[in-house]
Number of protein chains: 2
Amino acid sequence: MTNQLDQQSRLQQLQQQIDLYKTMNLDLNMARGKPCTEQLDLSNAMLDIKIPIERDPNKDFRNYGTLDGLPGTKQLFADILEVQPEQIIIGGNSSLSMMYTTLAKAMLYGTYVSDRPWNKEDKVKFLCPSPGYDRHFAICEQLGIEMITINMDQNGPIIDEVETLVKEDPAIKGIWCVPKYSNPTGISYSSEVVKRLASMETAAKDFVIMWDNAYVLHDLYEESAVVDSIMEACSNAGNPHRVYLFTSMSKVTFAGAAVAAMAGSVENIQFVLKILGVQTIGSDKINQYRHVAFLKDLDGVKEHMKKHAEIIQPKFDATLEILEAHLGGKGIANWVKPIGGYFISLDLVQSSAKEVVALAASLGLKLTAAGATYPYYNDPNDGNIRIAPTFPPLEELKKAIEILCVCVEYTYLKHNL
Amino acid sequence: MTNQLDQQSRLQQLQQQIDLYKTMNLDLNMARGKPCTEQLDLSNAMLDIKIPIERDPNKDFRNYGTLDGLPGTKQLFADILEVQPEQIIIGGNSSLSMMYTTLAKAMLYGTYVSDRPWNKEDKVKFLCPSPGYDRHFAICEQLGIEMITINMDQNGPIIDEVETLVKEDPAIKGIWCVPKYSNPTGISYSSEVVKRLASMETAAKDFVIMWDNAYVLHDLYEESAVVDSIMEACSNAGNPHRVYLFTSMSKVTFAGAAVAAMAGSVENIQFVLKILGVQTIGSDKINQYRHVAFLKDLDGVKEHMKKHAEIIQPKFDATLEILEAHLGGKGIANWVKPIGGYFISLDLVQSSAKEVVALAASLGLKLTAAGATYPYYNDPNDGNIRIAPTFPPLEELKKAIEILCVCVEYTYLKHNL
């Protein structure tokens, strides 16, 4: 009873806090995982890179051509993704677009391994480890691919569940994976998960692993998660054509003006190039050159990423401190401290993510929409909230997390008095 | 009889010439319409444009966002295409890619006007005015769209034929058009053709005009062809959603690293953006900024294009002179002097384009494949050869055209003795 009285009084306290926020006309946005100004500034020198003019007109990278990308750029991405340069295609500024077109073209033409275009099948399904990346799910939804939610733990998707489903159902054509510093949970796939994904029996012979290695370079601390090479695992398992890898420099240099790449078996890449050659004559080679001239090589990229970590690590630390201070030990919410990536994933014990996000919005704090981390915006627990700490200035971020905590605790107490 | 003897002797002369070429180990490539080194050099100063850093982080164009493009870039392309900025989407470096995705997405989802995705139709057909642009035809072929060849005259596609077909056949979903300085014939569409395309009755209610205005800025001389605004004509005819316009800076600045754009009715553009928003977060805004800062406005672009004309006009003139000197008045081939664009189209009287192109290749001169300017590489007359004079240095070009003329005359005489 005393406890309940305490809680009543705490609820009133929180209500007062909320009323106060309301008077402050706040405008805080934490909806997207965007780099902040200081991070973008790290690459300003890239804009001053002198572009050498190749005097052999057939090699002039100002001109048309070179569908797969400049050799130096291919080498850099091959080193990042642990494949050979001939397994790489350099794209434009968006790895998302490369993922989209990979699946759109599978629908229209099938893959290298398919018997027919996917849209000639009665149904196409995809496994979606969740919480996951909302834009992956939006691609499936737009293409009419039915999504099956797969739960995650600290090792990746629940692999028993994955194996059972793909073995039984030939309509399941693929799975989305963010293997390192997963969006949004921050976990990295274990060796066992990588190995079993690569080697599992699939009823669909053209099953694809969409391996979005967006955060392959994005350590927050000295310690770095090690994720086994999926390409190697697939090759060893006799399934070299099962995986497409993607990554980009969007969170290395300029989020809106970087260079993306995809990788796969040589056969897959040749197949993709043949189709791609009808769509475009090639991507922006000047920007490809600029990136390699600025970053040099894998070691250069790693050095550059340390500067990013210096800027955003305090933001992650502050977020975690405030979460701990406000919500720690209260049995209201759970979160994991990530060692890389762009997000902190908050799991509410009470099914109330929608309510919390709406309350925060009413106070001027915009968060990623509740449910966005699940297929069809359908979070079965209505419990997951994605926190994106990188973009706001530190003081704004602290204010935002504090407001979020107040909203979480207030909502919890309201339901549990 | 004397004439025949003359021709015999001329054939021998040409044979000797061919034998001589064979000994020269030539390596000349006129296959593609690419700008030459001097043209690319015209834009080198663009690489030194200082990129200002916007201090409002929500407007920082180094970051993610702005799916439709920077306002200044939209304004410039709106002025070029004679539409309003809200009718514009800025893309990456490839207008071809924008055309491809426009049709690929029509197949997958239908257009703003469609009742269903095009790939749910029994058959989809497209009208292909020919000779035309091989990459347009390749897109249709890859998407499984059946192509119908439409003949061209100096006013554009034979419009009577177009009107009859589209009125009768609901499977005909669109037409490819290069309205100004058409690839490869160099002709520009007459007011009547523009008006009738815009207003004709179509059995398919979601019929689309793919208006590839690639050469809208590409005058060779003081005189400029005037093509009526298709957007205005479609709006006036009550068919505002019928047309998609495309253009790019590829042959203004850097062929491989420029900026492309598409345009259409506001409703079409909103529909496209909604679909596009799932594929990408936006195109490279730094490069968009660079282009506008360098070219300023439509007048700036026109001034810049005069410098291109100064470089390539002598190449067109030389080509025409050599054609005239070798083939003029012989009744062997016809061509039209273009006043803009990138090509000269040569029509052989004798059905022998394949033979001529193969003979030239055997002498070390690579031309655009015979038939490439027709759907399915099927030139019914086997008569059209596309000449792309811009890329080779002037002396190489002269040699190449001379060899081409020898091949044409030799082949003609061989068949007509």
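If you scan segment B:154-190, which residues turn out to be of a type in the set (D, E, K, R) and either surrounded by 18 or more Cβ atoms within 10 Å (Cβ to Cβ) or within 14 Å of another protein chain (Cβ to nearest Cβ) (or both)?
B:Lys173, B:Lys180, listed by residue number.
What about B:Gly144, is it at pLDDT 95 or above and farther than 21 Å from B:His241 by Cα?
Considered against the rule, which asks whether it is at pLDDT 95 or above and farther than 21 Å from B:His241 by Cα, B:Gly144 comes out as yes.
Would you confirm, using the coordinates I've provided, whether A:Leu298 is of a type outside the set (Ser, Thr, Tyr), more than 10 Å from chain B (Cβ to nearest Cβ), within 24 Å of the chain's Cα centre (by Cα) and surrounded by fewer than 19 Cβ atoms within 10 Å (Cβ to Cβ)?
For A:Leu298, the condition - of a type outside the set (Ser, Thr, Tyr), more than 10 Å from chain B (Cβ to nearest Cβ), within 24 Å of the chain's Cα centre (by Cα) and surrounded by fewer than 19 Cβ atoms within 10 Å (Cβ to Cβ) - is met.
Can you find even one residue in segment B:333-356 that is part of a helix (DSSP H, G or I), away from every other protein chain (no Cβ under 14 Å) and out of contact with any helix residue (DSSP H, G or I) (no Cβ under 6 Å at 6 or more places or on another chain)?
yes
Quick one: what pairs do we get from segment A:97-111, first residue at the interface with chain B (Cβ under 7 Å from one of its Cβ atoms), second open to solvent by 10 Å² or more (accessible area, probe 1.4 Å) and hydrophobic (A, V, I, L, M, F, W, C), C-beta under 6 Å, 6+ apart or different chains?
Taking only residues 6 or more apart or on different chains, the pairs are A:Met107/A:Leu143.
Among residues belonging to segment A:85-95 that are touching a residue at least 60 places away in the same chain (Cβ under 8 Å) and not in a strand (DSSP E or B), point out the one that is farthest from the other protein chains (Cβ to nearest Cβ).
A:Gln87
Got a number for residues in segment B:116-144 being in contact with a helix residue (DSSP H, G or I) (Cβ under 8 Å, 6 or more places away or on another chain), within 12 Å of chain A (Cβ to nearest Cβ) and under 15 Å from B:Asp206 (Cα atoms)?
Looking only at that region, the number is 3.
Kindly indicate the residue of segment A:301-320 that is among the hydrophobic types (A, V, I, L, M, F, W, C) and in contact with a strand residue (DSSP E or B) (Cβ under 9 Å, 6 or more places away or on another chain) and also farthest from the other protein chains (Cβ to nearest Cβ) among those meeting that condition.
A:Leu320
Just to be sure, is A:Ala293 within 14 Å of another protein chain (Cβ to nearest Cβ) and assigned to a loop (DSSP other than H, G, I, E, B)?
The answer is no for A:Ala293.
Is it true that some residue in segment B:56-78 is open to solvent by 10 Å² or more (accessible area, probe 1.4 Å), of a type in the set (D, E, K, R) and under 30 Å from B:Ile312 (Cβ atoms)?
yes
Give the residue, chosen from B:Ile311, B:Ile387, B:Ile401, that is at negative phi and surrounded by fewer than 23 Cβ atoms within 10 Å (Cβ to Cβ).
Only one candidate qualifies: B:Ile311.
Given the residues B:Tyr215, B:Tyr244, which is the only one that is touching a Phe, Trp or Tyr at 6+ places or on another chain (Cβ under 8 Å), among the hydroxyl-bearing types (Ser, Thr, Tyr), more than 14 Å from every other protein chain (Cβ to nearest Cβ) and assigned to a strand (DSSP E or B)?
Answer to the selection: B:Tyr244.
Which ones in segment A:193-217 are farther than 29 Å from A:Val252 by Cα and either open to solvent by 10 Å² or more (accessible area, probe 1.4 Å) or not small (Gly, Ala, Ser) (or both)?
Scanning segment A:193-217 gives A:Arg196, A:Ser199, A:Met200, A:Glu201, A:Thr202, A:Ala203, A:Lys205, A:Asp206, A:Phe207.
For residues in segment B:36-79 being free of Cβ contacts under 8 Å to residues at least 40 places away in the same chain and of a type in the set (Val, Ile, Thr), which is nearest to the other protein chains (Cβ to nearest Cβ)?
Only one residue fits best here, namely B:Thr37.
Residue pairs, Cβ under 6 Å, 6 or more apart or interchain, first in segment A:247-274 and within 19 Å of A:Glu82 (Cα to Cα), second of a type in the set (D, E, K, R) and open to solvent by 10 Å² or more (accessible area, probe 1.4 Å). List them.
Once the first residue is within 19 Å of A:Glu82 (Cα to Cα) and sits in segment A:247-274, its partners that are of a type in the set (D, E, K, R) and open to solvent by 10 Å² or more (accessible area, probe 1.4 Å) give A:Val266/A:Glu86.
Consider A:Ser265 carefully, then state whether it is at pLDDT 95 or above, in contact with a His (Cβ under 8 Å, 6 or more places away or on another chain), more than 26 Å from A:Ala309 (Cα to Cα) and among the small types (Gly, Ala, Ser).
yes
With B:Leu28, B:Leu42 as the choices, which residue is open to solvent by less than 50 Å² (accessible area, probe 1.4 Å) and in contact with a strand residue (DSSP E or B) (Cβ under 7 Å, 6 or more places away or on another chain)?
Every option except B:Leu28 fails the conditions.
So which residues in segment A:134-153 are of a type outside the set (D, E, K, R), outside any helix (DSSP H, G or I) and open to solvent by 20 Å² or more (accessible area, probe 1.4 Å), if there are any at all?
Selection gives A:Gly144, A:Ile148, A:Thr149, A:Asn151, A:Met152.
Considering only segment A:260-271, I want to know if a residue exists there that is in a loop (DSSP other than H, G, I, E, B) and either more than 9 Å from chain B (Cβ to nearest Cβ) or under 26 Å from B:Tyr64 (Cβ atoms) (or both).
yes
Return yes or no: is B:Thr101 among the β-branched types (Val, Ile, Thr) and part of a helix (DSSP H, G or I)?
yes
Any chance segment A:50-68 includes a residue that's within 23 Å of B:Lys285 (Cβ to Cβ) and of a type in the set (Val, Ile, Thr)?
Looking through segment A:50-68, at least one residue is within 23 Å of B:Lys285 (Cβ to Cβ) and of a type in the set (Val, Ile, Thr).
Which numbered condition in (1) part of a loop (DSSP other than H, G, I, E, B); (2) under 23 Å from A:Ala225 (Cα atoms) is the only one that A:Asp115 fails?
Failing condition for A:Asp115: (2).
For residues in segment A:273-290 being open to solvent by 30 Å² or more (accessible area, probe 1.4 Å) and more than 7 Å from chain B (Cβ to nearest Cβ), which is nearest to A:Phe77 (Cα to Cα)?
A:Tyr289
The values are calculated or read from the model by the stated rules, or taken from the named source; none is laboratory data. Bear in mind the structure is a predicted one, so any value in this text is a computation, not a measurement. Note: ideal-geometry Cβ built from the backbone for every residue, glycine included; neighbour counts use all protein chains shown. Quick note on the areas: whole protein, heavy atoms, side chains included, nothing else; ligands and nucleic acids left out. Shrake-Rupley method; radii C 1.70, N 1.55, O 1.52, S 1.80 Å.
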